[in-house]
Amino acid sequence: MFASLGRWCFRNRRVVLLAWIVVLVGAIGGSSAIGNAFDGAFEIPASESADGFETLTEFFPDQDSSYGGTVVFKTDAGAEDPTIKESMEEAFAEIDAIEGVAVVSPYGPEGVGAISQDGTIGIARINLDVDIDQTAAGEIGKRVREALPVIDGLQTEVGGQVLAEFEPPESELVGLAFAIVVLILSFGSVLAMGLPISVAVFGVVTGAGSIGLMTHVVKIPDFAPSIGAMIGLGVGIDYALFIVTRYREGTRAGLSHEDATVVAMDTAGRAVSFAGVTVVVSLLGMLLMGLAFVSGMGIAAATTVAITMVASLTLLPALLGFAQHRVEVTRWRGLLAAGGAAVALLGAGLGIPVLFFVGVGFAALTMLAGFFVEPLKREVPPRVERPVRETTAYKWSRAIQHRPWVALAVGGGILVLLAAPVFSLHLGFSDEGNYAEESTTRKAYDLVAEGFGPGTNGPFILAIEVGESGPAAVGQLVEAVQADPGVVLAQAIPSDFANPEASPAYLVQIIPTTSPQDSVTQETVERLRSQVIAPIARETGVTANLTGAVPANIDFTSYLSGRLPIFLGVVLALSFILLMAVFRSLLVPLKAVVMNMLSIASAYGVVVAIFQWGWFNGFTGVEPAPIEPFIPMMLFAIVFGLSMDYEVFLLSRVKEEYERHGDARNSVADGLAATARVISAAAAIMVVVFGSFLFEDDRIIKLFGTGLAAAVLLDATLVRMLLVPATMELLGERNWWLPAWIDKILPELNVEGSGHHDLLIGEAARDKEPVS
């Protein structure tokens, strides 16, 4: 199948390229024409918070402040100053006139307590209709900021994540710049560099357009395209890199360009398809969580990976058909122009216009001069390739195999040490205090904390249906809540203002003493529910549920934590079975699963140290906060899938060698030597692509990028270069043992190809006597 697909795409390259251009234009054009409907609101699973929101919806339709933001203002003249009051009331009236927006002004009857005790800071609540999606909410936030007055001595800020400004990240351009450099150093060819990048960009851009269209069908958060681009660039360059490497091996062995493409597709193409499917399956495993928000993230990322994989298997062989012998030819003008392009991308990604224009100008000038200046027309001397068994990677593998226990102890020890912080992992939601200090969202948060205390940024709501108990039970509840050491203020509001004595429901606004992300706040919520509210509710017969954004986040975290083991178990079991079917071995997939879990745990440890403990925050700009509850699941799905790329590419090559010569020791060294350069190049690109997202302002994107970069770095170095050769040396022939009864029931999944690999380079090296 893969050989036939590669040959057909090679021969029909114009048709394939045209089809991909149509798909790309259709996805982007359709997304632009229809628009996006991103939605980052968390749906609340069955919980006390969900029950409380039902009460609010029924009895307090205008008081549900769980979706929206705030306008916070400060003036030394005082919030009640006539000029200030008049200007702010005009602004509030203009904001209130926006469709789907309701303003609770501090100057109105419902705004009691919304002006600080010293009278200098005021808060207006901006409530949004729940059917307003995230994109529309961002536009409303822009209109709110534009409506605020500009007066000397008056500071106005807009708070709330929903209304926050969102700048699409451009850090992937930094990764692309680095990819250009790494690929040229690895391949020694500009065109060989351009093919993987072209395929990755095709896949990522098409994936972004497809995600935009899918937002009208599936609930997808606004940061999903950034995550998709991050993953798509990494895997897209990886997959194409594997295939182009095999193609070049084939042409150097004397194959025609078409046959080399067929061989590459029948070997590396198979490994790419298996690795890609594994990543997609891991990401789609998030559907098991049963929450639309989480499922949307998984579907969006899986879509980008799937499109990028298909591009590698179809568009790449077509591009090889166009390139053919030119893959090995690089002229000085092309090399210098590629350097200029890398500089331009770096400037664009870092937001340095001068660097961007210098790079573009240099690239254009070089290409233009290349048609007239003779030295620029000349070919760059090709790199002299050493035999496989003379490479550093082969010698490294043999050295590790001579001392496997030392390598195992060193590699495993470092991973265990890095994983240690996981034991202090605190899942929860960061708050607006983690936004960039110069952002209006962060300034609003700080003003609220300054004027009203940190707990005002995350108030609780006690929703009470009194039934026949009357307001006496409400008073008892308010008194008990107010007496709790974690509460600053508890204030009851009846649903029937005209006749509070007959009101069927009450809303109690509760201000805690601590900020939303503080672990003490979670303790306060749990204590109020179990020790304060529940006993009185049982005694008086009222229905009382503690809800609000902070309790809802706590319930959301608890729900995800409870379902996480199911997700991990399903993904691990499925991956183990797939690897058994591919490698016809019991111990190889078992080792792969264990080592991948160890590298993932180490990446978690790095994330905890940086984002929860605040290590290196002077460099990263990250302030300590809990780790978002969906992060471990997302990182696991992505990293486990990505680590399978290297696992499959390395072990499929090792198995090739083993099945050819039956030498368990040298097959490991030969396989490692044949794949070390491409795995190192792919890993370096991924680390920079992912790590570059640390330059973004959005905490979640920073967190994803750091976690993925750490995982890939550890996997490609400690796992692939130390643990794999060490454990395979210790197990020897047992690496490929599989009980006969399992062999009979497992399906046959072939990632080594159908025999074309015998024509690839390295036969002379393989036929040498085994090195002892």
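The values are calculated or read from the model by the stated rules, or taken from the named source; none is laboratory data. These figures come from a predicted structure and were not determined experimentally. Every residue, glycine as well, gets a Cβ built from its backbone with ideal geometry; the counts of neighbours run over all protein chains shown. Accessible surface is based on the protein model in full, side chains and every heavy atom, while ligands, DNA and RNA are left aside. Shrake-Rupley method; radii C 1.70, N 1.55, O 1.52, S 1.80 Å.
Here are some notes:
- Maximal additional length on extending the residue 741-residue 385 stretch stands at 123.7 nm, based on 0.36 nm per residue less the C-alpha distance.
- Hz values of 3J(HN,Hα) by residue in region 18-27 - Karplus curve (6.51, -1.76, 1.60), Gly and Pro given as x: 4, 4, 5, 5, 4, 4, 4, 5, x, 5
- Accessible-area order (highest first, 1.4 angstrom probe) of the listed residues 661, 402, 426: 402, 661, 426
- Carbon/sulfur fraction of accessible area - the chain, other protein chains in place, 1.4 Å, %: 62 percent
- Accessible area, probe 1.4 Å, largest first, for residues 583, 53, 576: 576, 53, 583
- Residues with amide H under 5 Å from that of residue 488, placed H, sequence gap 5 or more: 511, 513
- Taking other residues whose beta carbon is less than 13 angstrom from the beta carbon of residue 318, and scoring Lys, Arg as +1 and Asp, Glu as -1, yields +3.
- Interchain or long-range residues, amide H under 5 Å from residue 615's placed H: 610
- Inter-site label distance for residue 372 and residue 155 at 7 Å from Cα along Cβ, in nm: 5.8 nm
- At the residue level, residue 659 shows approximately 120 square angstrom of accessible surface with a 1.4 angstrom probe and all protein chains present.
- In degrees, nearest ten, helix 2-11 long axis to first principal axis of the chain (Cα): 80 degrees
- Shape class for region 13-101, computed from the alpha carbon gyration tensor (a ≥ b ≥ c): oblate, with a/c not under 1.5 and a/b at or below b/c.
- For residue 737, the residues whose modelled amide H falls within less than 5 Å of its own, excluding neighbours fewer than 5 places apart on the same chain, are 586, 587.
- Charge context of residue 183, other residues only, Cβ under 12 angstrom, K/R +1, D/E -1: 0
- Simple spin-label estimate for residue 12 and residue 76 gives 7.6 nm between the two label positions (7 Å along the Cα-to-Cβ direction from each Cα).
- A Förster radius of 41 Å, combined with the Cβ-Cβ distance separating residue 623 from residue 403, puts the computed FRET efficiency at roughly 0.40.
- Non-local lysine pairs in the chain, meaning eight or more places apart or on different chains, with alpha-carbon distances under 23 Å, amount to 15.
- Phi angles across region 359-370 convert, under the Karplus curve 6.51 cos²θ - 1.76 cosθ + 1.60 with θ = phi - 60°, into 3J(HN,Hα) values of x, 5, x, 5, 4, 5, 5, 5, 5, 5, 5, x Hz, Gly and Pro given as x.
- Each Lys or Arg adds one and each Asp or Glu takes one away; over the other residues whose Cβ falls under 13 Å from the Cβ of residue 231, this sums to -3.
- Sum of -39500 (n - 2.57) over DSSP H runs of 4+, divided by residues of the chain (222 nm, nearest 500): -20000 deg cm²/dmol
- Spin-label model distance (nm) - residue 414 vs residue 96, 7 Å beyond Cα toward Cβ: 6.3 nm
- Heavy atoms of the protein chains alone define the surface here; on that basis the chain has 40 Å² accessible area per residue at 1.4 Å probe size.
- Taking a ≥ b ≥ c as the square roots of the eigenvalues of the alpha-carbon gyration tensor, region 620-687 is classed prolate because a/c is 1.5 or more and a/b outweighs b/c.
- Relative to the longest principal axis of the Cα atoms of the chain, helix 631-661 runs at roughly 10 degrees.
- In sequence order, calculated HN-Hα J values of region 307-321 (Karplus, 6.51, -1.76, 1.60; Hz; x Gly/Pro): 5, 5, 5, 5, 4, 5, 8, 10, 5, 4, x, 5, 5, 5, x
- Going through [x] 48.6; [y] 37.2; [z] 55.7, the figure that equals mean projected area of the Cα convex hull in nm² as computed for the structure here is [y].
- Helix 190-214 and the longest principal axis of the Cα set of the chain meet at an angle near 30°.
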